[in-house]
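Here's the structure, in structure tokens; my notes come after.
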Amino acid sequence: MEERSIKIDGQEYSYKLRRKKRVKYIRLMIESDGSLVVSAPKTYPVFLIKQFISSRWDWVVVNLAKMKSNPSILHVQHSPSQIKKYKEITRELTQRRLKYFNQYYQLSYRRISIRNQKTRWGSCSSDNNLNFNYRLCLLPSEIADYIIVHELCHLAEMNHSVKFWRVVEKTIPDYKFLEKRLKKI
């Protein structure tokens, strides 16, 4: 990752440029420390990257202000000992809740991983591995359950089709309400 800068309205701003072989599209993110990160294909020209950042500058300003006024749980930094403790709690929580909810689904998964993810609450791999953010244990229990069920249901449907949401709805009928609450956290 390389440090770069861009001039917007006469002011110099820094950003990190991450070039990847497999990335097809340019992407702009704000990290938990407030730094701007651009992911781009290996051969994407710098002048187009700067045009992209400039075109999204209003979004950057709004979201930086949101982060400062109302930091998300995802953006809170924890010490290594806190992370270790939260990972243990989240592992126990996810194992217990997966066992409970899987009574209704009877789906098989291989491995549960608890990770320090900056932008995701969970994911399901094509190898049937379930991954969860260690911060899951810091969420209200009904939202944690929603995330756990959401990832479990990806074992049945690896997309967000109507069919997928019907599977989720089987045990989390108010998933739309919980999804909205999660977006505000």
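No lab work stands behind these numbers, since they all come straight from the coordinates. Quick caveat: nothing in here was measured; it's all calculated off a predicted structure. Glycine also receives a Cβ, built like all others from the backbone with ideal geometry; neighbour counts cover every protein chain displayed.
Here are the numbers for the structure shown:
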item	result
The chain: relative contact order in percent, alpha carbon pairs under 8 Å with at least 6 residues between	13
Centroid-to-centroid separation of region 14-36 and region 40-67 [C-alpha atoms, Å]	9
Sparse-neighbour loop sites [trypsin sites (Lys or Arg not before Pro); region 1-58; at most 12 other C-beta within 10 Å; DSSP]	21, 22, 24, 42
Full-extension gain in nm, residue 160 to residue 126, via 0.36 nm per residue minus C-alpha separation	10.8 nm
Cα pair distances in region 79-184, grouped into 10 Å bins until the bin that holds the longest one, percent each	15, 51, 30, 4, 0
Cα-derived Rg over Rh, computed across the chain with Rh taken as Kirkwood radius	1.02
Karplus-derived 3J(HN,Hα), 6.51/-1.76/1.60, for each residue of region 6-23, Hz, glycine and proline x	9, 9, 10, 6, x, 10, 8, 10, 9, 8, 9, 10, 10, 9, 9, 5, 8, 6
Under Karplus coefficients 6.51, -1.76 and 1.60, residue-wise ³J(HN,Hα) of region 117-126 in Hz, glycine/proline x	9, 9, 10, 10, 8, x, 7, 10, 8, 5
Mean projected area (nm²) of the alpha-carbon convex hull when region 2-71 is viewed from all directions	4.9
